[in-house]
Amino acid sequence: MDRIEELLNQPYWIIDILPYQVPKDSPGQYFAVDSYIREKQLSEIKERHINLILKLNCYMDITVDEELNPAPQKTAEIMKNRYVYIMAGDGMILSEPDDTHMTLFGPDEKLLKLVKLLAAGEGLYVWNEGSNN
């Protein structure tokens, strides 16, 4: 639990369906679109999240609920039903079942690069707060 607390205080990146954070003064209708997407496409987006994590597990160990490299079906089931911290290398990914994004905490360069590549393959983007490209 100490490691989780430590990682929660480190720099983080968002793994998202949007390429960067929507500005507060955006003239668009972010909240209406977000609500629509959650209603119509959340299960598809969660499958992309699961695919990213499972593909990541092809390259490195992951730990879910203190279990090293759980069966893919178990990882998927957990990610669909509750929030979970997934440990990967020196970093951690927070997945929540009702979010269209995941949060990557404290990655080293290698992990960040790999997550960006895997996210792109799933039609997702990786950005950190303040980035706009």
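The values are calculated or read from the model by the stated rules, or taken from the named source; none is laboratory data. Predicted, not measured: the structure shown is a model, and the values here were computed from it. For neighbour counting, all protein chains shown are included, and Cβ atoms are generated from backbone atoms with ideal geometry for every residue, glycine included.
Details
- Within segment 90-119, restricting attention to residues that are in a strand (DSSP E or B) and aliphatic (A, V, I, L, M), the residue that is nearest to GLN41 (Cα to Cα) is MET102.
- Flag for GLU67 being within 27 Å of GLU39 (Cα to Cα) and either among the acidic types (Asp, Glu) or at pLDDT below 95 (or both): no
- Identity of the residue in segment 89-112, under 17 Å from GLN10 (Cβ atoms) and without any contact (Cβ under 8 Å) to a residue 60 or more places away in the chain, that ends up surrounded by the fewest Cβ atoms within 10 Å (Cβ to Cβ): GLU109
- Selection from segment 51-69 of residues that are outside any strand (DSSP E or B) and crowded, with 19+ Cβ neighbours inside 10 Å: LEU52, ILE53, LEU56
- Any hit, segment 74-82, residues being of a type in the set (S, T, N, Q), buried (at least 16 other Cβ atoms within 10 Å of the Cβ) and in contact (Cβ under 8 Å) with a residue 12 or more places away in the chain: yes
- When restricted to residues that are over 18 Å from ILE50 (Cα atoms) and among the aromatic types (Phe, Trp, Tyr), segment 87-133 contains 1.
- Checking GLU44 against (1) surrounded by 15 or more Cβ atoms within 10 Å (Cβ to Cβ); (2) assigned to a helix (DSSP H, G or I), the condition it does not meet: (1)
- The listed residue being more than 20 Å from TYR125 (Cβ to Cβ), among the charged types (D, E, K, R) and touching a helix residue (DSSP H, G or I) at 6+ places or on another chain (Cβ under 9 Å), out of ASP25, ASP65: ASP65
- Qualifying residue in segment 12-32 (condition: at pLDDT 95 or above, of a type in the set (Asp, Glu) and not in a strand (DSSP E or B)): no
- Residue in segment 70-89 that is among the hydroxyl-bearing types (Ser, Thr, Tyr) and in a strand (DSSP E or B) present: yes
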